[in-house]
Structure formats: C-alpha cells, structure tokens
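Report on the structure given below.
The values are calculated or read from the model by the stated rules, or taken from the named source; none is laboratory data. Keep in mind it's a predicted model, so treat the numbers as computed, not measured. Glycine gets a Cβ as well: all are built from the backbone with ideal geometry, and neighbour counts include every protein chain shown. The protein model used for the area step is the full one, side chains on, heavy atoms only, and it has no ligands, DNA or RNA in it. Shrake-Rupley method; radii C 1.70, N 1.55, O 1.52, S 1.80 Å.
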Amino acid sequence: MKKLFGFILILMCIMQFSNSYAADSIADYKVVPLPKSIVMQKGEPFVMSNTTNVVYPEGNDLMKRNAEFLVEYVKKSTGLTLTVTTKPQKKASNIILSLDKKAVGTEAYKIVVTKKSAVISGLTPNGVFYGIQTLRKSLPILSTAADVTLPAATVTDSPRFSYRGMMLDCGRHFFPVDVVKEYIDLLALHGMNTFHWHLTEDQGWRIEIKKYPELTKIGSVRKHTVIGHNSPVYDDTPYGGFYTQEQAKEIVAYAKERYITVIPEIDMPGHMLGALASYPELGCTGGPYEVSPSWGVFDDILCAGKEKTFKFIEDVLDELIEIFPSEYIHLGGDEAPKTCWEKCPNCQQRIKDEHIVGDEKQSAEAKLQGYFVKRIEKYLNSKGRKIIGWDEILDADVNQSATIMSWRGMEGGLRASEMGHDVIMSPTTYAYFDYYQTKADTKSILLIGGYLPLSKVYSFEPVPATLSDNAKKHIFGVQANLWTEYLTCKGLVEYQVLPRMAAISEIQWINSDKKNYDNFVTRLPHLIDLYKLYGLTVAQYE
Ligand code: TNX
C-alpha cells in the first residue's frame, strides 16, 4: 500500500511538473528577427503569473510606458494580468526593466531570465523596448490564462542597420488615423524605428497646410478613380481624405511612444497634380490641372522657373517641420519628366540665369532638378533638417549631404554610397510590397504587378561585398515600401505586408552570415499566429 502511495505521489509530481512545463505554455526566444545570441542556462525557469510585477525605475516616464506596453502585450497573448510598479516585491516574481549605463549600443538590449527574475536592460529606453518586443514574441499564445514558463537564458541583441523603415503611400489611397496607427504598431512589433509617410501625390494631397487651404479642399479629392490597370473606364465616386495637422501630430506622438520617427514625404517636383490642381499658377503652363483619377507618371510638374514655386514649397515645409520633428524630410524627386521644363520660358530663363549647362550625361533640365533640390535642401538645412530623395536626384547633381533612397534596384544606392552619400536601400527587386507575393494571387487579386515572394525578400543583401569599405559605411538603412494604387482598404494593406515584413525585419536586424531562410520559416508560424491574434489579414507565402 505504502509503495502504491509513493508511486501515485511520484506520478502526481510528474503530472504537476509536466503541467507547469506544458509545451504550450513555455516561452521560446527564437523569434523574428532572431536575436544575436540566445544562451540557455541550466537553472530553473522564471514563472510568469497573475502575481508577476513589471518593475520600472521610478521617475522615468519612458520606462513606465515601456512597462505598460509589456503588460498590454502579455495580456493579449496569455490573458495574464501583470502589475506595473516601481518596487520589486520580494515574494512575487518580477520582470525588471532597467537602464544600464555600461551597455553598448543605443538600440541594444539584454534579457536575463533566472528563477528569481526576468531582467530586460539596455542603455536606452529604446533598447529596452526592443527587448520587450522580443519577450512578447517569445510568449505562447494562450486561449485561457495560465502561468507561463520562461526558461532560464541570456538573450542579447542589437540591430545591424540604424535606419529600419517602412513606407506607406497615403496619396493613392487614404488610410484613416487608426489604420496608420495599426501600421505603426506593426513597425514596432518588427523592431523598426522609422515610418516614412508618403503624403502627397498626383491622386491626392493628404496633409493640411493652413496657408494653402485649397490643397486639401481641392487637391485631396479626385472626381473618380480608374478601374483596373488604367482602363478607359472610371468609377463614379469622388475619392478623398486628408490628415489635419492635429491628426498628424497625434500620429507623430503615437509613433514616438513606440520609438519610431515619422519622416514625411512631400514629393517634388513631380507627382504634384494634387497641388497643381489647387494652385495652377505653380505649374509651367498655368493649367488647368486635375487631381489625377488614374495611375502613372505625369508630365505636369512644378515649375522650376517661377519664384512662387519656391515660396510655396518653403511655406509648406515651414508648417511641416512644426508637425514633424524628424531629422530628415523626404523631398521625393522621383519620376519627374522634363517635357514641360523644356518648353517653359520661365524654366529656360532659370537655366540661363543659373548658368546651367547640359552635357552628354545630363540635360540642362535634368540639372535644373539639381538646382531645385539643392535650393530646398539649403532652406531645410537652415532650419536644422536634412533631406532624403529618391535615387533620381543623383542624376541631377545634388550635394553629397543628400541621403539617397535607392528604389530603381540597388544600382543608384551603390553609386551614391561610392560618391559619399548616405544611402537607404529599398529596391523594387526586394522591397516593393505592392508587388504580388504568390502566383495564386496573380489570378485572384488585382495588384500593380511584379512578383516578390517571401523567400526573395529574405535573400536581400543590402551591402554587397564588392563595395569599397568606405561606401559600405554609408549604407545605413533598409526600408520596404507599400505603394497603394491598388490597395483600397486596410485588409489589403495588412495582406501585402504580412508576412513579408517579417523577412525585411530580419534583414534590418541580423548580420548576413546568420541569415538562414529554412530556419526563418520555422520561426515564422508563431509570429503569424500573433498577427492573427490581433485580427490581421496574412498572406500565404511561397
Ligand atoms: C514607382 S518608387 C513610384 C511610385 C509608384 C510605384 C509603384 C517611386 C519613388 N515611385 O510612385 O507607386 O513605382 O510600384
């Protein structure tokens, strides 16, 4: 009998043991992006339960906010309710958020899990925030709240690139504040720190500028929208929308809480029909112009000859820099045909006055775009800001101080980095999330075209070995872009970025020698479960 009792006791212990270690309630630190180092330790695990505290250093509001984020994430994934406090409780289990002056790297973090506590530390609250994201992605997703076991381990991590971004085009389609916030939340989940916000387009001007009210009154609305790939048929619905300055500030603040900088883009001198329809005197011919109901590249661009064009841009930028505290302002510069400038007496006069001479490589009009960019750059520099432009501006003789965003493949970025420009890589070949991601989609949804499966995104190497060492140092950023000609709703935005965003985040964070696609796809399903937990629409991948 005694023996039987003993046996049952042992059995119960095993059951108890296996219960608290049930595979589905154990955290797994092998998340996306994969941390640089995960060292499992021998000791007993940390148990997270409803009595666990999240402790932050008293008086530090950023760390307090970090603690609140962690509580919110844990609640969502596991149902557990943790408590935010500044005082660790001896008897309870504590997750401790701390700043470590000796840590190296402004965005680096360390997670040390022992039976006693789980400590997430970093030199800055940003780093701690990334540690929180990793912990959050490590957690099991539980349908009913149960204690979660965090195996004893030390996790250390820091990002490969200092600029880690995603762009959202709100010009072609307008996305309400809530959708933009959701996009920012996704950036945070993937450890990104820059939201490039494309705000003006041929098809709609989307940001309130108080000095130029027609921009949003006229320029934000197109009278109808083309159906299909620029067919001759249009729908019969006016389409519009814009962000008030208050809303834009709200988004900047929302992003800032998540350690994300918002870089606004006012695309110039091309892609400006929204502004030209509102203020036709800014164009070479004086118009009339129409907010474009179809997609593409249009000949009508801002006039570079008239002084009033520069006054307009400076006024717009004056208001913009009050809303956006970012170090960089994106001036676009892509797809600006020079046909109008060739014929425009004002532009030709400017070419003469500025002694601009074309050569076999660049026409005088191409160099006039250089004059345009340099003039606006000087203005922004005087306000303490720097510029980013699409790689076309390289063909226009711009200053070395301009940061180049390479989109027409890698070539522009590589050339720019050798010339000493700072470079952000976002080539169509690896980073255009408006392209199709599966063969099946080409038959079922209408998108712009292209084919960029997850595996191709993952194969992206932004810094080719063939570059000179000096040029390599200039490639400081990686970004994926979401152009929205064909993305009419929030569901499609989610679908196009998920799960490709996971792949680009791993390019942004981990060194190329650690990249392994087969391994990546073993870690991906858990992240996809997390997307789904948040009700997001996720694509299949191939
Ligand atoms: C090129 S990328 C553009 C966009 C389009 C996109 C479609 C860039 C700087 N310009 O205006 O939306 O292709 O993929």
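Below, the figures for the structure above:
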read-out: Using θ = phi - 60° and Karplus 6.51 cos²θ - 1.76 cosθ + 1.60, couplings along region 260-275 (whole Hz; Gly, Pro as x); value: 10, 8, 9, 9, x, 10, 10, 6, 8, x, x, 6, 10, 4, x, 6
read-out: Sequence of Cys284, Cys347 from largest to smallest accessible area, 1.4 Å probe; value: Cys284, Cys347
read-out: Nearby lysines by direct alpha-carbon distance to Lys515 (threshold 18 angstrom, same-chain neighbours under 8 apart not counted); value: Lys30, Lys36, Lys456
read-out: Tensor-based shape of region 220-296 (alpha-carbon gyration tensor, a/c under 1.5 rounded, otherwise prolate or oblate); value: prolate
read-out: Three-way shape call for region 131-249 based on the alpha-carbon gyration tensor, with the a/c threshold at 1.5; value: prolate
read-out: Signed unit charges on C-beta, dipole axis of region 150-264, positive-most listed residue Pro159, Asn230, Gly191; value: Pro159
read-out: Magnitude of the charge dipole, the chain, Cβ model with Lys/Arg +1 and Asp/Glu -1, debye to 20; value: 2620
read-out: Hz values of 3J(HN,Hα) by residue in region 393-406 - Karplus curve (6.51, -1.76, 1.60), Gly and Pro given as x; value: 5, 4, 6, 10, 6, 9, 5, 5, 6, 6, 7, 9, 9, 8
read-out: Length released on extending from Thr114 to Thr429, taking residue separation times 0.36 nm less the Cα-Cα span; value: 109.0 nm
read-out: Long-range amide H partners of Tyr243 with built H, under 5 Å; value: Ile207, Glu208
read-out: Cα shape, region 109-151, gyration tensor, a/c 1.5 rule; value: oblate
read-out: For Val262, distant residues with modelled amide H under 5 Å away; value: Phe195
read-out: Extension gain (nm, one decimal) between Asp235 and Asn519, 0.36 nm per residue minus Cα-Cα; value: 97.6 nm
read-out: Positive-end residue, the chain charge dipole about Cα centroid, Cβ charges, pick of Leu368, Ile260, Val423; value: Ile260
read-out: Karplus 3J(HN,Hα) series, Hz, for region 512-521 with 6.51 cos²θ - 1.76 cosθ + 1.60 (x for Gly, Pro); value: 4, 5, 9, 6, 7, 4, 4, 5, 4, 6
read-out: Accessible surface, the chain, averaged per residue in Å² (probe 1.4 Å); value: 41
read-out: Chymotrypsin sites (Phe, Trp or Tyr not before Pro) within region 19-72: DSSP coil, no more than 15 neighbouring Cβ in 10 Å; value: Tyr21
read-out: Cα centroid separation, region 196-218 to region 424-467 (Å); value: 29
read-out: Convex hull volume per residue for region 347-486, taking Cα atoms only, in Å³; value: 148
read-out: Sulfur and carbon atoms: percent of accessible area, region 431-514 [1.4 Å]; value: 58
read-out: Contour minus Cα-Cα distance for Arg408 and Glu461 (0.36 nm per residue); value: 17.5 nm
read-out: Estimated translational D of the chain in µm²/s (Stokes, Kirkwood radius over Cα pairs; 37 °C; 0.692 mPa s); value: 131
read-out: Proximal lysines to Lys367, defined as alpha-carbon separation beneath 25 angstrom and excluding residues fewer than eight positions away on the same chain; value: Lys306, Lys308, Lys311, Lys338, Lys343, Lys352, Lys378, Lys383, Lys386
read-out: Trypsin sites (Lys or Arg not before Pro) restricted to DSSP loop in region 170-226 with at most 14 other C-beta within 10 Å; value: Lys210, Lys211, Lys223
read-out: At R0 = 22 Å, FRET efficiency that the Cβ-Cβ distance of Asn470 and His355 yields, to 0.05; value: 0.10
read-out: Backbone N under 15 Å from the Val177 label point (7 Å along Cα→Cβ), restricted to region 235-249; value: 242-249
read-out: Computed E for Lys249/Ser382 - FRET, C-beta separation, R0 25 angstrom, nearest 0.05; value: 0.60
read-out: Long-range HN-HN contacts of Gly305 with modeled amide H, under 5 Å; value: Cys347
read-out: Sites matching trypsin sites (Lys or Arg not before Pro) across region 439-507 that sit in DSSP coil, with at most 15 neighbouring C-beta atoms within 10 Å; value: Lys439
